[in-house]
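The values are calculated or read from the model by the stated rules, or taken from the named source; none is laboratory data. Worth saying up front: this structure is predicted, and the values here are computed from it rather than measured. Note that each Cβ is placed from the backbone with ideal geometry, even for glycine, and that neighbours are counted across all protein chains shown.
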Amino acid sequence: MTPRMTLDTYEESERNALGDAMDVMVSAFDPAFGEAWTLPQLAGVMAMPGTWLTIARVDAAPLGFALVRSVLDECELLLLAVSPLWRGRGIGEALLNDALRTARLKGIRSMNLEVRASNIAIKLYEKLGFEYVHRRPGYYRGNDGQLHDALSFRLDMLG
């Protein structure tokens, strides 16, 4: 983990946290793939019960975030992003491990996620024990109209 990094978790919309997540979102998601969310989308999901947002920061500067939504004893990692200048320093792994820890504390038994088939983050998910479930052909549409397959992964958190 990066020295001086803090992880702050929010279970309700908080303007500064949403702004920090949007700052990371703009830099982290390649516009070609059309994966970045808008502020209204992010705020709308944060208004749903069982949702939490964790921001990684150094000296108040946002480095990355994880967004998770739970229903009963399952949850889904909706977004995980790290600013390009901070990639390769364990921030994504710290955010994902924190999301898993929080999920376990809430009694959640499994975490699901979907990711573009060409996304390098797949290596992180597999490293932390997520298992491939299935492929959704043409699930994502890039800003150029090109279709990209999505891969679904699941981690059972028994015990």
Residue in segment 24-40 that is farther than 28 Å from Tyr132 by Cα and touching a helix residue (DSSP H, G or I) at 6+ places or on another chain (Cβ under 7 Å) present: yes
Residues satisfying the stated conditions in segment 55-73, i.e. crowded, with 16+ Cβ neighbours inside 10 Å and within 19 Å of Gly129 (Cβ to Cβ): Ala66, Val68, Ser70
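Within the bounds of segment 131-149, is there any residue that is of a type in the set (Ser, Thr, Tyr) and touching a residue at least 60 places away in the same chain (Cβ under 8 Å)?
Pass one, segment 131-149, residues of a type in the set (Ser, Thr, Tyr): 132, 139-140.
So of that shortlist, the ones also touching a residue at least 60 places away in the same chain (Cβ under 8 Å) come out as 140.
Yes, that holds for at least one residue.
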Single unsatisfied condition, Asp144 versus (1) closer than 22 Å to Gly34 by Cα; (2) among the charged types (D, E, K, R); (3) surrounded by 12 or more Cβ atoms within 10 Å (Cβ to Cβ); (4) out of contact with any Pro (no Cβ under 7 Å at 6 or more places or on another chain): (3)
Long-range neighbours under 9 Å by Cβ, at least six apart or interchain, first residue in contact (Cβ under 8 Å) with a residue 60 or more places away in the chain and of a type in the set (A, V, I, L, M) within segment 57-69, second surrounded by 14 or more Cβ atoms within 10 Å (Cβ to Cβ) and assigned to a strand (DSSP E or B): Leu63/Met5; Leu63/Ile55; Leu63/Ala56; Leu63/Arg57; Leu63/Val82
Test: residue in segment 45-62 that is modelled with pLDDT of 90 or more and part of a helix (DSSP H, G or I): yes
